[in-house]
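**Student:** Here it is, the structure in full.
The values are calculated or read from the model by the stated rules, or taken from the named source; none is laboratory data. All values derive from a computational prediction rather than experimental measurement. All Cβ positions, glycine included, derive from the backbone under ideal geometry; neighbour counts span all protein chains shown. The area values use the complete protein model at the heavy-atom level, side chains included, leaving out ligands, DNA and RNA. Shrake-Rupley method; radii C 1.70, N 1.55, O 1.52, S 1.80 Å.
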Amino acid sequence: MKQLLTLFIFATLLSACSQTPKSAIPDLIFVNGNFFTADSLHPQATAVAILNDRILAVGTDADLKKLADKNTQIIDLQGNFAMPGFIEGHGHFNSLGSSLQNLNLMNIKSWAEITGLVAEKTKSAKPGDWIEGRGWHQEKWSESPGATVNGYPYNTALSAVSPNNPVVLFHVSGHGLIANAKAIELAGISSESSDPIGGRIVRDAGGKLTGVFEENAMDLILKPFSAWNNLRPEAERTATWEKAAQLAAAECLAKGITSFQDAGSNFWELTQYRRLAETNQLPVRIWAMAFQPTAHDIPKLKNYPQIGLGNQHFTCRAVKCYFDGALGSYGAWLLAPYDDKPGFAGQNTTPIDTIARLAKACHENGLQLCVHAIGDRANREILNVVEKEFAEGNKSPDANSKSSVKRDKSVDKRWRMEHAQHIDIQDIPRFGQLGVIASMQAIHCTSDAPFVVKRLGVERARTGAYAWRSLLDSGAHLANGTDTPVEDVNPLPCLYASITRKPTNPTPGGVQEEAFFPEQKMKREEALLSYTIWNAWAAFEENEKGSLAPGKLADIVVLSKDLLRCAPEEILQAKVLKTVVGGKVMYDAEKK
Ligand SMILES: [Zn+2]
């Protein structure tokens, strides 16, 4: 009944706004589906009717078929499971595309194999061309790379296979890289060079360079790399960038993703996304964060927010900044030293004053502040900055400066902690209290599990690592995603990690490895909400997408397994059958 009422109101609204009342006849109806709508008022349905790019009605086959006329297309979902299109909550869209263009080292199991791939690549490279790769992780190799420093290999083999081409291979975390001798020579680095602030040139006990550069030290290698890149004609560079965007979009659609929250693009990229969206060349909806603007660039934020452009295909209403590094590369900034690196507590990569300045700029321009914070120290410092900025910003203008700060509780800013991976138990309730979104990546939990206890010890890992349950129970809002290309953009292993906290690749013998502190896992429905309506909420888009309800964008994914009821392991076997964006089938497994 309520359903019919909602339909009625929506149809009336449509008729009121449109010249032709008969426009309330759907173009398309999906029938015979097993829909999970993520709409708490009507969680289940068998049919969804669509007009243009929006949902007209959600209900039963019989009721919705009554709306059709002879021009309405009817698609039979054959009983398959369908739900709102997945929203990737934190990823790097163009990097995903370039990871598909360049050497992808994510699933390579040894250093020898990596240098082999580079050797192969040099055969087709022109002298002087840079060779780029991404995705290696020393803890995931099955054989030793020989001599190591902090687990990292030396670049000797890399320099031997590519003497004339500079090589840069990014660590999967994006917080470190290994370069060969040619690249280091072009960067003008020697064993005498000193470490930059917030970064480290990794050397052995004798001071010899290993070729590994962590955090801000990566810039030393990236400088000659971008200089080479900048020498390429602009049209060529733009074409490469655009190609990467198209590859990323195709990859997302094949995996059921209809919206993508991009965790940091520069102003040039933001204008490119906008252009693609406004010329109908962006098949996936992008919600972007502007990459950490310099003091010089902060005035550009006045041109934002830009919301719902290109027919809801491009929004930028947030700013991304980095505050520390990653746990794997000892970059996460901790309150107490690493267990396996005594005396070292990680790195703060951006001065706190810079973050405070950006917070103010966000406040003034109505933008969401999204801060990369992984370690417990980083999380605490950022919560302090946010608390201070909210208090300052909400002082009433005529208030006596000595009077106590009045917090306006109705102010809904949805600032985000990106990763929020390791949190001191005392800080967990502050997320809910301050309304700071914990934008987490469930798959990082199970990927990192093999080294988390090594780095943090049992107690810190148990109480504050990927503490989804504690955060939810304390009233925090969660978002979920993969941080692609750090992880595969596929939401299914991430959903599996969310509800099991078990490794994604069960051993072939079927023996399940132990779950990582399973008391922190999400419930099944929470996991599905975290990838749909919760992510929409984290972007101020809950009225546009994230659930299937009349008036919302018709973004839908159809899958071969019932993600709400199947055995957890079956989630990993599910296939995406159809991905629908704005009422158009953009991916169809049958037509592959
Ligand atoms: Zn990221």
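**Student:** Before I look further, what does the range 157-289 give for accessible area per residue, probe 1.4 Å, in whole square angstrom?
**Tutor:** Working: 5160 Å² over 133 residues.
Ligands and nucleic acids excluded, the figure is 39 Å² per residue.
**Student:** Turning to a different aspect of this structure: Counting residues in the range 56-203 as N, plug N into 2.2 N^0.38 Å and put the Cα Rg over that result.
**Tutor:** Numbers: Rg = 24.3 Å, N = 148, 2.2 N^0.38 = 14.7 Å.
Output field value: 1.65.
**Student:** Straight distance only, please: which lysines reach the Cα of K208 with their own Cα at less than 24 Å, same-chain residues fewer than 8 apart left out?
**Tutor:** Hits, sequence-local ones excluded: K182, K223, K341.
**Student:** What accessible area, in Å² to the nearest ten, does a 1.4 Å probe give for S144?
**Tutor:** 90 Å²
**Student:** Show T210, T148 ordered by accessible area, largest first, where the area counts protein heavy atoms only and the probe is 1.4 Å. Provide the component values of the computation, followed by the final result.
**Tutor:** Numbers: T210 0, T148 65 Å².
Descending order: T148, T210.
**Student:** Once amide H atoms are built 1.01 Å from N in the peptide plane, which residues 5 or more positions from G176, or in another chain, come under 5 Å H to H?
**Tutor:** So G176 has HN proximity to H171, E215.
**Student:** Across 10 Å bins from 0, what is the distribution of all Cα-Cα pair distances for the range 215-295, in whole percents?
**Tutor:** 15, 42, 33, 10
**Student:** log₁₀ I(q)/I(0) of the chain at q = 0.10, 0.13 Å⁻¹, via Debye over equal Cα point scatterers, no solvent, to two decimals?
**Tutor:** These q points yield log10 I(q)/I(0) values of -0.90, -1.45.
**Student:** Something else: Separation between the S193 and M106 pseudo-spin-labels, each 7 Å from Cα along Cα→Cβ, expressed in nm?
**Tutor:** So the two model labels end up 2.9 nm from each other.
**Student:** Take the Cβ-Cβ distance between R232 and N164 as r, set R0 to 25 Å, and report the resulting FRET efficiency rounded to the nearest 0.05. Write out the running numbers ahead of the final one.
**Tutor:** Working: r = 18 Å, r/R0 = 0.74.
Efficiency, from the Cβ-Cβ distance: 0.85.
**Student:** Can you give me the Cα centroid spacing of the range 23-78 and the range 262-334 in angstrom?
**Tutor:** 34 Å
**Student:** If you don't mind, there's one more thing I want to ask. If you take the beta carbon distance between S474 and Q246 as r and set R0 to 30 Å, what does 1/(1 + (r/R0)^6) give as a FRET efficiency, to the nearest 0.05? Working shown, then result.
**Tutor:** Numbers: r = 42 Å, r/R0 = 1.39.
The calculated FRET efficiency here is 0.10.
**Student:** Just to be sure I understand the model, the point goes 7 Å from the Cα along the line to the Cβ. What's the resulting S124 to K454 distance in nm?
**Tutor:** 3.5 nm
**Student:** How large is ³J(HN,Hα), in whole Hz, for each residue of the range 335-350 in order, when computed from phi with the Karplus curve 6.51 cos²θ - 1.76 cosθ + 1.60 and θ = phi - 60°, using x for Gly and Pro?
**Tutor:** 6, 10, x, 4, 5, 9, 8, x, x, 10, 10, x, 10, 8, 9, 9
**Student:** Run the paramagnetic zone check for D412: 7 angstrom along Cα to Cβ, then residues of the range 544-577 with backbone nitrogen under 20 Å.
**Tutor:** Within reach of a label on D412, which here means backbone N under 20 Å from a point 7 Å along Cα→Cβ, the range 544-577 contributes 544-553.
**Student:** Please compute the length gained on full extension between D297 and I352, using 0.36 nm multiplied by the number of residues separating them and subtracting their Cα-Cα distance. Kindly include the intermediate steps, with their values, before the conclusion.
**Tutor:** Details: separation 55, 0.36 × 55 = 19.80 nm, distance 1.79 nm.
Between D297 and I352, full extension yields an extra 18.0 nm.
**Student:** Students often forget the sequence filter, so: which lysines lie under 24 Å Cα-Cα from K523 once same-chain residues fewer than 8 apart are removed?
**Tutor:** K255, K502, K545, K561, K575
**Student:** Please turn the phi angles of the range 488-493 into ³J(HN,Hα) values with the Karplus equation 6.51 cos²θ - 1.76 cosθ + 1.60 (θ = phi - 60°), one per residue in order, whole Hz, x for glycine and proline.
**Tutor:** My calculation for the range 488-493 gives 4, 6, 4, x, 5, x Hz in order.
**Student:** Right, here's the next one. Give the separation of the Cα centroids, the range 436-483 to the range 555-590, in Å.
**Tutor:** 26 Å
**Student:** Rolling a 1.4 Å sphere over the protein heavy atoms, what is the accessible area per residue of the range 469-579, to the nearest Å²?
**Tutor:** On the way: 3840 Å² over 111 residues.
With the other protein chains kept in place, the range 469-579 gives 35 Å² per residue.
**Student:** Defining a contact as two alpha carbons under 8 Å apart and six or more residues distant in sequence, what relative contact order in percent does the range 179-262 show? Intermediate results must be reported in sequence, preceding the final value.
**Tutor:** Working: 59 pairs, mean separation 19.1, N = 84.
Worked out over the range 179-262, it gives 23 percent.
**Student:** What FRET efficiency would be calculated for the residue pair T60, K592, taking the C-beta separation as r and a Förster radius of 25 Å, to the nearest 0.05? Please list the in-between numbers first.
**Tutor:** Details: r = 31 Å, r/R0 = 1.24.
Step by step, r from the Cβ atoms, then E = 0.20.
**Student:** Could you please tell me the mean projected area of the C-alpha convex hull for the range 498-592, averaged over all directions and given in square nanometres to one decimal? Write down the numbers at each step before the final one.
**Tutor:** Values: hull surface 31.4 nm².
Averaged projected area of the range 498-592's Cα convex hull equals 7.9 nm².
**Student:** If one computes P(r) from the Cα atoms of the range 411-560, what percent of pairs lie at distances over 24 Å? List each step's numbers first, then the result.
**Tutor:** On the way: 3677 of 11175 pairs.
For the range 411-560, the share of Cα pairs beyond 24 Å comes to 33 percent.
**Student:** Can you list residues whose amide H is under 5 Å from K552's amide H, if they're 5+ apart or on another chain and H is modeled 1.01 Å from N?
**Tutor:** I55
**Student:** Counting DSSP beta bridges in the chain, what percent are antiparallel, to the nearest 5? Kindly include the intermediate steps, with their values, before the conclusion.
**Tutor:** Numbers: 40 of 83 bridges.
In the chain, DSSP labels about 50 percent of beta bridges as antiparallel.
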